[in-house]
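The values are calculated or read from the model by the stated rules, or taken from the named source; none is laboratory data. Predicted, not measured: the structure shown is a model, and the values here were computed from it. All Cβ positions, even for glycine, are placed from backbone atoms using ideal geometry, and neighbour counts span all protein chains on display.
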Amino acid sequence: MMALLVGFGAQAQHMSPFSFNTELDKEPTRAEIQPPEITSINLEDEKNEFSYRFGIALKANIEFKDFKQVYSDGDKKVWQIQIESPSAKGLGLYFDQFLIPNGGELFVFTDDKKQLLGPFTSADNIDGGTFATSFLLADKVILEYSAPNWVIEKPIVDLEEVGYFYRDVEVKPVNLDRDFGDSDPCEINVNCSEGANWQNQRDAAVRISFRDQGSFYWCSGTIMNNTAGGCTPYIISADHCAESSTSSDFGQSIFYLNYQSVDCNNPPGEGAINYTTITGCSKKAQSTTAGDKDSDFLLIELNDTIAKSTDIYYSGWDNSGDIPTSGVSIHHPAGDVKKISTYGAAAVSDTYGGVKNNTHWRVNWVTTANGHAVTEGGSSGSGMFDQNGRLVGTLTGGAATCNSQTAPDYYGKFWHHWDQDDTAADRRLDLYLDPNSTGTKTLDGTRRPCQGHVMSVDRISEDDIKFRMFPNPSNGILEIKRIPKNANIKIYNQLGKVVFLRSNYHRTSISLDLVAGFYLVKVSSSVYSSTQKLIVKP
């Protein structure tokens, strides 16, 4: 049997870089990253029967000082660097420190200017400093940073690694007998007639590019509802998708919401898809044996909340263990747009890996109006929904393919994920999806679980309310007013390192022991986040 994950991804674009409309004074710095030895990589992949790797990380160690200033006038300055890794089918960027000053913009684009990521601004600064971009389909990309002359601070864009993607990431021409992207031709787009009664579940499905120990994999996941009624952005997937991922790896994983065709037809290109990306998450719980001895689940929480405008669905679930009689799975095979597969008979309780009984549901897919869809690499972690539209399992693997459509697939039971894998807090779902221990067996999904709740988990914008701090510049004592209840306070230095941290803070003054310089002060809670500049005097 094959565990169904696959490796890597692309991102939305907005506006255009300064250089697209203005002739520059100089050529950019050029940096070449030595490509891997592909023959050895292919041999490693042949030995790995469970994971489908599409890319690996290459050391870059590039900082902003390596950029060249290529333009300057009375209003603006522009810096560029060109990064190349010969023969790559796609390149992605992985920063271990990332801090864009207010007013600055960073773009990433290809030589021909047909593919573009950005702008990345101060709004993209993430706690901990790490950041990642999805890839561009080229072996050469240009990074361009620009800022008005009034911006004194320089960005911190420490590019630790370049993601080198070496197979199955090309967008196939639409005139070929293939689906958009790389999935096999028997797959059925979620907005065909098969998906008409599954629109909510469709909007809970997520495409995920996981980073795991220097490799990159496509997987699928589902946004989850919880009994506390808040919009906590929990996503469930499969343990084998990120079995060895570190906290830094999770911080550089990328999530694609609403990555789907608008109708039953395949889109002509990625520009025809109105999707949203969110970078970074933290691990909450996982089964840890990748389905060999347990039910193979992973629960993560996004580092950012999901905006109302994204219009996603928080999936319902059923932890009763009752046998589902029919239903669907919605997934991203080979990292493609959402597909839907249908099972028309009752699932069978079974095992996966031959160690522990009754950890999985075994399903067989059926022919529907537009074909006979199955699952593939990249479908791993996708949700199995029952006849009531509730999630009852997550995909581990199986034998079903477009050439073997009647073979079974295996989904780890949500019932087993709940509290059967282990008693430890990071090995079970119930502590997160039923945090008040209500004993709920079934929970319906909803569009906006936080509506109607006072101070919902939706972030209050900085325009609505800002904390106040003074004096600024400070000489060692800082007064902070309008701090939300039980707020967290973090202060970052110019390198993006946390130099001061207090949780559940309720006082109005802070004694600082900081060297003179520029800092960022972030005050946040479950309902609020605001960041302001601080200057500490000598």
Can you confirm whether residue 275 is crowded, with 22+ Cβ neighbours inside 10 Å and in the same structural domain as residue 415 (by TED's automatic domain parsing)? no
I'd like to check something: does the range 34-49 contain any residue that is in contact (Cβ under 8 Å) with a residue 40 or more places away in the chain and assigned to a strand (DSSP E or B)? no
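Output the number of residues of the range 407-427 satisfying the condition of being assigned to a loop (DSSP other than H, G, I, E, B) and at pLDDT 95 or above. First the steps, then the outcome.
At the first step, the residues of the range 407-427 found to be assigned to a loop (DSSP other than H, G, I, E, B) are 407-408, 420-424.
Then keep just the ones that are at pLDDT 95 or above; that gives 407-408.
Total satisfying the criteria: 2.
Here's the yes/no breakdown for (1) of a type outside the set (Val, Ile, Thr); (2) more than 15 Å from residue 302 (Cβ to Cβ):
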residue: 230; (1), (2): yes, no
residue: 233; (1), (2): yes, no
residue: 239; (1), (2): yes, yes
residue: 244; (1), (2): yes, yes
residue: 251; (1), (2): yes, no
residue: 262; (1), (2): no, yes
residue: 265; (1), (2): yes, yes
residue: 268; (1), (2): yes, yes
residue: 274; (1), (2): yes, yes
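Can you confirm whether the range 437-453 contains a residue that is more than 24 Å from residue 230 (Cβ to Cβ), out of contact with any helix residue (DSSP H, G or I) (no Cβ under 9 Å at 6 or more places or on another chain), at pLDDT below 95 and outside any helix (DSSP H, G or I)?
no
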Determine, yes or no, whether residue 164 is part of a strand (DSSP E or B) and modelled with pLDDT under 90. no
Being under 15 Å from residue 280 (Cα atoms) and touching a Pro at 6+ places or on another chain (Cβ under 8 Å) narrows it down to one residue among 223, 208, 235; which is it? 223
Hey, does the range 120-130 have a residue that's under 25 Å from residue 335 (Cα atoms) and of a type in the set (S, T, N, Q)? yes
Selected residue (only one of 340, 306, 323 is aliphatic (A, V, I, L, M) and under 30 Å from residue 123 (Cβ atoms)): 306
Within the range 60-110, how many residues turn out to be closer than 24 Å to residue 34 by Cα, surrounded by fewer than 20 Cβ atoms within 10 Å (Cβ to Cβ) and touching a helix residue (DSSP H, G or I) at 6+ places or on another chain (Cβ under 9 Å)? 2
Which one is surrounded by the fewest Cβ atoms within 10 Å (Cβ to Cβ) among residues in the range 111-129 that are assigned to a helix (DSSP H, G or I) and among the small types (Gly, Ala, Ser)? 123
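Does residue 397 satisfy being buried (at least 24 other Cβ atoms within 10 Å of the Cβ) and touching a residue at least 12 places away in the same chain (Cβ under 8 Å)?
Against the criterion (buried (at least 24 other Cβ atoms within 10 Å of the Cβ) and touching a residue at least 12 places away in the same chain (Cβ under 8 Å)), residue 397 qualifies.
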